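Down below is the structure, laid out as structure tokens.
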Amino acid sequence: MSQNIVLKKGLDLPIKGEAGLYVSRTISPAVVAVQPGEFKGFLPRLLVREGDSVLCGSPVLADKNNPGILVCAPVSGKVKEIVRGDKRKLLAVLIESSDEQEYLDFGKKNPDALSAEEIKEAVLAAGLWPWLIQRPYGILADPCKRPRSIFCSAFDTAPLAADCEFCWSDKLKAVQAGINALSKLSEGGVHVSLDADKRFSSAFGRLENCILHSFKGKHPAGTVGMQIANICPIRKDETVWTISLAGLAAIGELFLSGKVNLRRKVAVCGPMAIEPSYVETVPGTPVSCLAEFVGNTDEPVRYVSGNVLTGKNIGKDGYIGFFDSQLTLLREGNEREILGWIRPLRFRQFSTDHCYFSWLTPWRKYDMDTNTHGGVRAFLMNDSYYSKVLPMDIYPIYLVKACLAGDIEKMEQFGIYEVLPEDLALCEYIDPSKNDLQDIVAKGIDLMLKEMA
Amino acid sequence: MNKIFEKGGKLHWLRSTADAFDTFLAVPATVTRKGSHVRDAVDLKRIIIIALIAVIPAAVFGMWNVGYQHSLAVNGPSATPDILANFWYGFLKVLPLYLVAYIVGLVIEFGTAQIRGEEVNEGFLMTGFLVPLIVPVDVPLWMLAVVVAFATIIGKEVFGGTGMNILNPALLTRAFLFFSYPTSMSGSSVWISLGKNEQLVDGFTGATPLALDGAAQYSTSIWSEFLGTIPGSVGETSTLCILLGAVLLIWTGVASWKIMVSSVAGALLVGGIGQIAGITDIPCWEQLLLGGFAFGTVFMATDPVTSAQTETGKWIYGFLIGALCIMVRLFNPGFAEGMMLAILLCNTFAPLIDHVVVTSHIRKKFRKFKTA
């Protein structure tokens, strides 16, 4: 059933600061954060107290609704602090890392010899279950359900994204073991999507026990949401799971070595990054460990964990996200531009629209900042203005308006089951009315969760 | 922005106004808070200014033509197409229309923005630019003020402002004028600007070629219809200048070429049928040069707010506009021109067209993937 799919719609943002393909630093952070807020649908219950010792893979948090789902410590050491926000909301568990990393031993296992139940138990016990995301809604996968299929994208087209080949091809064995394990959990097996341009050279082309697809096109061709929509869209009452390569490798390594190892390469990139390159570290690393990449600049910098379209603004005291494999450094665009909108040329700005002239210089990369370039207005342009960057068979603005109206029936019709907020990120980028489409869809999904549960 | 405009400040009631001028002068320093951290450089101000530039050739030519038609009416065929003098005459005639349209419209726009506590929308810049181009040049200014106020309030603001309206506000002014003050919108000389004591030369009818059903006015050749040296509303006569605007609109993607193409197709089809059936002597392609067809197709039908939203819907919507326009021209003796009515009617039907397109698409979509 392998398919070769060409997506014509999309947009590659020409942004400066791509990470060079080398690891410039190996970081062992003194403190690492585990942040429950990153896992949607996870109600955290603390399993540790300040001062407790933990090993790599020790459970730190459990889900109140589904006590089997654990989140584990990415490093060994001591629980230093439990950070709480308003109404004692649990924000983060800070773990002081020990010099010598010790791993909790879960025992080597051969996934081929295990049953689906045994695999589930092993993944849950090691705290690796949160890598599995359920669609619709983008929440933690429910261990009691059997999904239609599991999807994984083996390439990333997002702006300045980390190169999946560079990051993961040396862990091919672990990825393969992860696929072998997960393929027992679903009806339709594991679908892995490759970049069509590298289909034959890619290490992931040699993966077995999964259904390989290849996608050709601009961003968002490499996002798992677009891939599902073009392989087989999600209908009402269907569930699929998605997982990243990082997740597959972590689960695979659990079976191969019996350890939880979350160390990975993270791309530090963006227009403000000095020497954009990769670092090797663990999730939850404080950004302060990467201060050298910013240097002594007077300009305000925004630290985005993830890519510029869907990432999270974590601030200079923040921590790299659990799922993120890049840290993007942007300049805050809080300066005024005299008569900007009426200036005929404005060569330093990038626009997909022919109202500007950046289409004349397709080779150029731009020093993008966080300015909105205009005020918020009602939707003026048609649906098709937005769908030119969305290679998905839905009407994005109809969906957004249904979300705004809170009309569940219309939201279902227009495809709320197929999208997560991140899928509309490019529509949000090009929106001349400067609306926060991702936020609107996220609220729509919250409403669905509330009403349908 | 200055503190006196903030909440609690002395001039808070002028906040939207101050904000409008402020953002007009400089792109604001606002940064993204949620979602995508970087945004495209394009905003609505830019899109609207491009649309406005596209109309400028038609507007400038229209002003010259006002002067030229006046001189034809007063001096007869000996009139010279003196470019500067004619333009200046027309400019002075059209300028008050612009002043009235913009002042009335913008006051309402700023007022409603202030009441809602929002930023002022740029939409009226476009509406206000179009209105003087589609009304008779001698329309009394108080009438223009009344109709602009009506169209802005009832046509747009009650629905929630720019982006929410169902009908094209510029066309609504014309429709209101047309039905409320028919005397100043019909008759043979309304499309010509005349001074108080000026006399028409003998034999000059002043009617538009459409009103005469193609009967030859002097110099109403195909060429002059294309260039636009014929009587009519200020902006609508020159197909050439409108085409220039169309090229810019299509190239920048501000307006949909699908609507334009299908509108032309619809007009050709009905015009052709009329010609074959012997209802009219005007060849179907000449219909495209006459009246407000070109202006309506390029600048009015393609308004992204009031046109169909879906791609298939745009084909249907444009086709209906073209077909209905020519149908009114051929079959309704009461109205010489049908473009305005065709567009307003199709504006009303656009949501229905979209509804049909969208629901049938959704039904088909999952059938395709049933086996996968």
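For the subset of segment B:148-166 comprising residues that are in a loop (DSSP other than H, G, I, E, B) and among the aliphatic types (A, V, I, L, M), which member is nearest to the other protein chains (Cβ to nearest Cβ)? For segment B:148-166, the residue satisfying everything is B:Met164. Screening A:Arg343, A:Arg348 for residues that are more than 26 Å from A:Ala19 (Cβ to Cβ), more than 27 Å from the chain's Cα centre (by Cα) and free of Cβ contacts under 8 Å to residues at least 40 places away in the same chain leaves exactly one candidate, A:Arg343.
Within segment A:358-386, the set of residues being within 7 Å of another protein chain (Cβ to nearest Cβ) and under 22 Å from B:Ser307 (Cβ atoms) comprises A:Arg377, A:Ala378, A:Phe379, A:Leu380, A:Met381, A:Asn382, A:Asp383, A:Ser384.
Pairs meeting the criteria (first residue in segment B:24-37 and farther than 25 Å from A:Asp423 by Cβ, second residue surrounded by 14 or more Cβ atoms within 10 Å (Cβ to Cβ) and among the hydrophobic types (A, V, I, L, M, F, W, C), beta carbons under 7 Å, at least 6 apart or on different chains) are B:Val27/A:Trp341.
In summary, helices (runs of 4 or more DSSP H) completely within segment B:242-345 and bearing 2 or more residues that are within 14 Å of another protein chain (Cβ to nearest Cβ) and open to solvent by 20 Å² or more (accessible area, probe 1.4 Å) occur at B:257-276, B:311-331.
Does A:Val260 satisfy being open to solvent by less than 10 Å² (accessible area, probe 1.4 Å), in contact with a strand residue (DSSP E or B) (Cβ under 8 Å, 6 or more places away or on another chain) and part of a loop (DSSP other than H, G, I, E, B)? For A:Val260, the condition - open to solvent by less than 10 Å² (accessible area, probe 1.4 Å), in contact with a strand residue (DSSP E or B) (Cβ under 8 Å, 6 or more places away or on another chain) and part of a loop (DSSP other than H, G, I, E, B) - is met.
Hey, which of the strands (runs of 3 or more DSSP E) in segment A:22-89, taking only ones fully inside, have at least 3 residues that are within 24 Å of the chain's Cα centre (by Cα) and closer than 21 Å to A:Asp317 by Cα? Give the derivation first.
Details: elements: A:23-26, A:31-34, A:44-46, A:59-63, A:70-72, A:77-84.
Output list reads A:31-34.
Hey, among the residues in segment A:159-200 that are under 17 Å from the mean Cα position of the chain (by Cα) and not hydrophobic (A, V, I, L, M, F, W, C), which one's farthest from A:Leu21 (Cα to Cα)? Looking at the filtered set, the residue picked out is A:Ser193. Here B:Val120 meets each of (1) in a helix (DSSP H, G or I); (2) modelled with pLDDT under 90; (3) surrounded by 18 or more Cβ atoms within 10 Å (Cβ to Cβ) with one exception, condition (1).
Here the condition is being buried (at least 21 other Cβ atoms within 10 Å of the Cβ), of a type in the set (A, V, I, L, M), under 22 Å from A:Gly57 (Cα atoms) and in contact with a Leu (Cβ under 6 Å, 6 or more places away or on another chain); of A:Ala154, A:Ala126, it holds for A:Ala126 alone.
Sort out which residues of segment A:387-400 are of a type outside the set (A, V, I, L, M, F, W, C) and facing another protein chain (nearest Cβ under 10 Å), and write them in order of number.
Going through segment A:387-400, the residues of a type outside the set (A, V, I, L, M, F, W, C) turn out to be A:387-388, A:391, A:393, A:395-396, A:398.
Passing the criteria: A:Ser387, A:Lys388, A:Asp393, A:Tyr395, A:Tyr398.
Checked against the criterion of being within 11 Å of another protein chain (Cβ to nearest Cβ), open to solvent by 60 Å² or more (accessible area, probe 1.4 Å), in contact (Cβ under 8 Å) with a residue 12 or more places away in the chain and within 30 Å of the chain's Cα centre (by Cα), the candidates A:Asn313, A:Asn334 yield just one match: A:Asn334. Across segment A:228-256, the number of residues qualifying as over 20 Å from the mean Cα position of the chain (by Cα) and open to solvent by 40 Å² or more (accessible area, probe 1.4 Å) comes to 5.
The values are calculated or read from the model by the stated rules, or taken from the named source; none is laboratory data. Just so you know, these numbers come straight off a predicted model, no measurement behind them. No Cβ is skipped: glycine too gets one built from the backbone with ideal geometry, and neighbour counts run over all protein chains shown. The protein model used for the area step is the full one, side chains on, heavy atoms only, and it has no ligands, DNA or RNA in it. Shrake-Rupley method; radii C 1.70, N 1.55, O 1.52, S 1.80 Å.
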